[in-house]
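A short write-up of the structure that comes next.
The values are calculated or read from the model by the stated rules, or taken from the named source; none is laboratory data. The structure displayed is predicted, hence computed values, not measured ones. We place every Cβ from the backbone using ideal geometry, glycine too, and count neighbours over all the protein chains shown. Areas reflect the complete protein model, heavy atoms only, side chains present, ligands, DNA and RNA absent. Shrake-Rupley method; radii C 1.70, N 1.55, O 1.52, S 1.80 Å.
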Amino acid sequence: MALHCGRACRQYLLHLAHDNVDFRLPEIKALLSLRKRPFDTSETFNEKSPFWQLNGLSEDDIRSVMSRTVCGKSAFELWGHGTTIDELRTSLLEYPAENMAPYLQQNSTYKINVYTFNKTLVFKDRIEKIDALDFLPFKGTVNLKDPEHIFCLLEDYGSDPNDIPEEPFHMYFGRWIADGQRELIRSYSVKKRHFIGNTSMDAGLSFIMANHAKVKADDLVYDPFVGTGSLLVACSRFGAYVCGTDIDYNTIHGIGKASRKNQKWRGPDENIRANLRQYGTESLYVDVMVSDASKTVWRKNAQFDAIVTDPPYGIRESTRRTGSHKDIIKPPEDFSGESHVPVSMAYHLSDIFADLLNFAAHHLVLGGRLVYWLPIYRPEYCEEMVPLHPCLTLTNNCEQTLSSHTSRRLITMEKIKEPEDSDRLAHLADPRFTPYQGHNSFREKYFCGLTKKNGKDSKATPKNKD
């Protein structure tokens, strides 16, 4: 368990939040790749564990990750670890003294925290655990309010709240380096947002999507289903210039009925720009406009560093595109009658995803990422349902469960080559590129599942007899 290493090869411990578990590994990997650093962990690595040991990184790398992650709680320089108190003691005594020395000076102040996962300790037990570390050569003065250095003993009692062991499965001790950005989930909550809609994206998930997309300062980020701009707010927080489109005129212009309780109509300054102004990033707002995602308005050479979006599923927001029921859409050149007003038509989910991937292939820079949500009917899900494109490679596929029968998967794709003429026929040569038509029935299956669930509930509830 000893950690024999100099500054260049020190081990670090990440303490992660135990929510959105599927999203944690892709987020940390993406943030490390922004610094061109690999994700190197121990042989006993368990993705579901709240504690990860990372190798081959510098303290600056760790601080950079923690300055953005919303999945990570805290990071530590790992001084020792073990499955028993004796193993922990041996590991700590074998840690190089020269690595400890700068933080144990006589003129310094410090405190030691005890954190337990899946178990609550009374104050007396916490003090006893701290006293058991008296073999460490602390020379400074204890300062609980404002110490120069913070150390932490972390204990893992597993993840089963119904079977908590007397002793921890694993113990870690290290020097605190930085906390993650969990506070953003509260400060950017849609409950405090100036302009919201029925489907405004949760703040935590918005930041996770921005991190999966590797959004960074001075990037140009686009959302083709922008809605009330929740994803633009998150991306601008990391310094990116943001823009978007949506087919809903009222949402883009911030008019019509309000989504807030006890408010009938939207106010005069409820719009996407106002949301960015609220968080001090209005200077990064490029613009938004009314546009149909099925009919791109962008020039061929328009290049985005990332496309981050949440397409409509047809549940709380309809899936619409413009079109015509007439056989002849384009009027003759000498036509002098009334101008044609396009009607709203159904926009099938399979077409939405095919258009989205094709747009990303043509308008992302090489290495740029597309991040979007894919709704899934869980009983029928298989990996073949995830849309593919010859110019894009699938990097992440994470599930967020919505109900017993539905979920949505956060899909991350990266552009690996420029489009070629042959790509338009790729589905003929490789069936993997054929759009999956089963997505079109998601809405019906969603409501069918709700009906069955409600039916079971009504049968299980006995009726009162007169």
Open item on the list: Here are the criteria: (1) open to solvent by 70 Å² or more (accessible area, probe 1.4 Å); (2) modelled with pLDDT of 95 or more. Tell me which single one Asn396 does not satisfy.
Closed with: (1)
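Does the range 361-374 contain at least one residue that is closer than 19 Å to Ile247 by Cα and modelled with pLDDT of 95 or more? Don't jump to the end; show me each part of the working.
Just the residues of the range 361-374 that are closer than 19 Å to Ile247 by Cα, to begin with: 372-373.
From what's left, modelled with pLDDT of 95 or more: 372-373.
So far as the range 361-374 goes, yes, one or more of its residues are closer than 19 Å to Ile247 by Cα and modelled with pLDDT of 95 or more.
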TODO: Output yes when any residue across the range 314-322 is among the acidic types (Asp, Glu), within 23 Å of the chain's Cα centre (by Cα) and at pLDDT 95 or above, and no when none is.
DONE: no
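Residue-by-condition table, conditions (1) farther than 30 Å from Leu232 by Cβ; (2) open to solvent by 30 Å² or more (accessible area, probe 1.4 Å):
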| position | (1), (2) |
| --- | --- |
| Asp156 | yes, no |
| Asn162 | yes, yes |
| Tyr172 | yes, no |
| Ile177 | yes, no |
| Gly180 | no, no |
| Lys192 | no, yes |
| Met201 | no, no |
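Going residue by residue through the range 6-20, is there one that turns out to be touching a Lys or Arg at 6+ places or on another chain (Cβ under 7 Å), part of a strand (DSSP E or B), open to solvent by 40 Å² or more (accessible area, probe 1.4 Å) and under 30 Å from Ala132 (Cβ atoms)?
Taking the range 6-20 as the starting set, the residues that turn out to be touching a Lys or Arg at 6+ places or on another chain (Cβ under 7 Å) are 15-17.
Next cut, part of a strand (DSSP E or B) only: 15-16.
Those left that are additionally open to solvent by 40 Å² or more (accessible area, probe 1.4 Å): none.
Scanning the range 6-20 turns up no residue that is touching a Lys or Arg at 6+ places or on another chain (Cβ under 7 Å), part of a strand (DSSP E or B), open to solvent by 40 Å² or more (accessible area, probe 1.4 Å) and under 30 Å from Ala132 (Cβ atoms).
Give Arg266, Arg237 a once-over and let me know the one that is touching a residue at least 40 places away in the same chain (Cβ under 8 Å), within 25 Å of Asp292 (Cα to Cα) and of a type in the set (Lys, Arg). Steps first, please.
Working: Arg237 fails: within 25 Å of Asp292 (Cα to Cα).
None of the other options fit; the residue is Arg266.
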Open item on the list: Of all residues being over 23 Å from Arg369 (Cβ atoms), among the charged types (D, E, K, R) and over 20 Å from the mean Cα position of the chain (by Cα) in the range 24-76, which is surrounded by the fewest Cβ atoms within 10 Å (Cβ to Cβ)? Just the residue, please.
Closed with: Glu43
Task: Members of the range 260-312 found to be among the aliphatic types (A, V, I, L, M) and over 22 Å from Ala203 (Cβ atoms), listed by number - done: Met289, Val290, Ala293, Val297, Ala302
- [ ] Go over the candidates Val114, Val142 one by one and state the one that is at pLDDT 95 or above, open to solvent by 80 Å² or more (accessible area, probe 1.4 Å) and either in contact with a helix residue (DSSP H, G or I) (Cβ under 6 Å, 6 or more places away or on another chain) or not acidic (Asp, Glu) (or both).
- [x] Val142
Task: Within the range 143-190, considering residues that are under 26 Å from the mean Cα position of the chain (by Cα) and free of Cβ contacts under 8 Å to residues at least 40 places away in the same chain, the one nearest to Glu77 (Cα to Cα) - done: Glu183
- [ ] Mind counting the residues in the range 368-392 that are open to solvent by 10 Å² or more (accessible area, probe 1.4 Å) and under 19 Å from the mean Cα position of the chain (by Cα)?
- [x] 1
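Of everything in the range 271-303, what is assigned to a loop (DSSP other than H, G, I, E, B), under 19 Å from Phe225 (Cβ atoms) and not hydroxyl-bearing (Ser, Thr, Tyr)? Give them in sequence order. Spell out the reasoning first.
First, pick out the residues of the range 271-303 that are assigned to a loop (DSSP other than H, G, I, E, B): 271, 279-281, 291-303.
Imposing the further condition that a residue be under 19 Å from Phe225 (Cβ atoms) reduces the set to 271, 291-298, 302.
Of everything in the range 271-303, those that are assigned to a loop (DSSP other than H, G, I, E, B), under 19 Å from Phe225 (Cβ atoms) and not hydroxyl-bearing (Ser, Thr, Tyr) turn out to be Asn271, Asp292, Ala293, Lys295, Val297, Trp298, Ala302.
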TODO: Looking at (1) within 19 Å of Trp373 (Cβ to Cβ); (2) touching an Asp or Glu at 6+ places or on another chain (Cβ under 6 Å), find the lone condition where Ala240 falls short.
DONE: (1)
- [ ] Hey, can you tell me all the residues within the range 354-367 that are of a type in the set (A, V, I, L, M) and open to solvent by 30 Å² or more (accessible area, probe 1.4 Å)?
- [x] Ala354, Val365, Leu366
